[in-house]
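J.: Mind having a look at this structure? Questions to follow.
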Amino acid sequence: MTKQVNMHEAKTNLSKLGELVRQGETVVIAKAGKPYMDLVPHKAVKGVRKPGRLAGKIKIAPDFDETPEEVISAFEGGCA
């Protein structure tokens, strides 16, 4: 079931609306009678971040740090 409330009502009753969302109800906050945003429950991040999991899978070109002079000149205002 979807419940639509205006911005003022949402500010006044945020705790109650949050509880409704936690219980599975959809809450739409409206501004000037038009849907403005949805109030949704927080979703916990799944799994633990593992640094280095892409090691050996990313390739960087040998000329990565070499920038052509015309590009440098353009960034420095040398191009009209």
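J.: Taking Rg and Dmax of the Cα atoms in Å straight from the coordinates, which label in (1) 20.5, 74; (2) 12.2, 35; (3) 25.1, 61 is the correct one?
T.: The listed entry that was calculated here is (3).
J.: Restricting to the chain, what percent of DSSP beta bridges are antiparallel, rounded to 5?
T.: Within the chain, antiparallel bridges account for around 50 percent of the total.
J.: On to the next question. Hey, what number do you get for the chain at 222 nm if only DSSP H runs of n ≥ 4 count, each worth -39500 (n - 2.57), divided across all residues, to the nearest 500?
T.: Taking each H run of at least 4 residues, the total per residue is -7000 deg cm²/dmol.
J.: Could you tally the net charge around residue 19, taking each other residue with its Cβ under 15 Å from the Cβ of residue 19, Lys/Arg +1 and Asp/Glu -1?
T.: Every neighbour counted, the sum reads +1.
J.: Tell me which residues come under 5 Å, amide H to amide H, from residue 27 once H is placed; ignore anything under 5 positions away on its chain.
T.: Under 5 Å from the amide H of residue 27: 3, 39.
J.: Here is a follow-up. Could you work out the local net charge near residue 41, counting Lys and Arg as +1, Asp and Glu as -1, over the other residues with Cβ closer than 12 Å to its Cβ?
T.: Summing Lys/Arg as +1 and Asp/Glu as -1 gives -1.
J.: Can you give me the Cα centroid spacing of segment 15-38 and segment 47-80 in angstrom?
T.: 43
J.: What are the ³J(HN,Hα) values, in whole Hz, obtained from phi via the Karplus relation 6.51 cos²θ - 1.76 cosθ + 1.60 with θ = phi - 60°, for each residue of segment 60-66 in sequence order, with x given for Gly and Pro?
T.: 10, 4, x, 9, 3, 8, 9
J.: Per-residue HN-Hα couplings for segment 38-45, Karplus 6.51 cos²θ - 1.76 cosθ + 1.60 at θ = phi - 60°, whole Hz, x for Gly and Pro?
T.: 9, 9, 10, x, 6, 10, 5, 5
Since every read-out is calculated from the coordinates, none of them should be taken as a lab result. In this text the structure is predicted, and so the values were computed from the model without any measurement. Methodologically, a virtual Cβ is constructed for each residue, glycine included, from the backbone with ideal geometry; neighbour enumeration extends over all protein chains shown.
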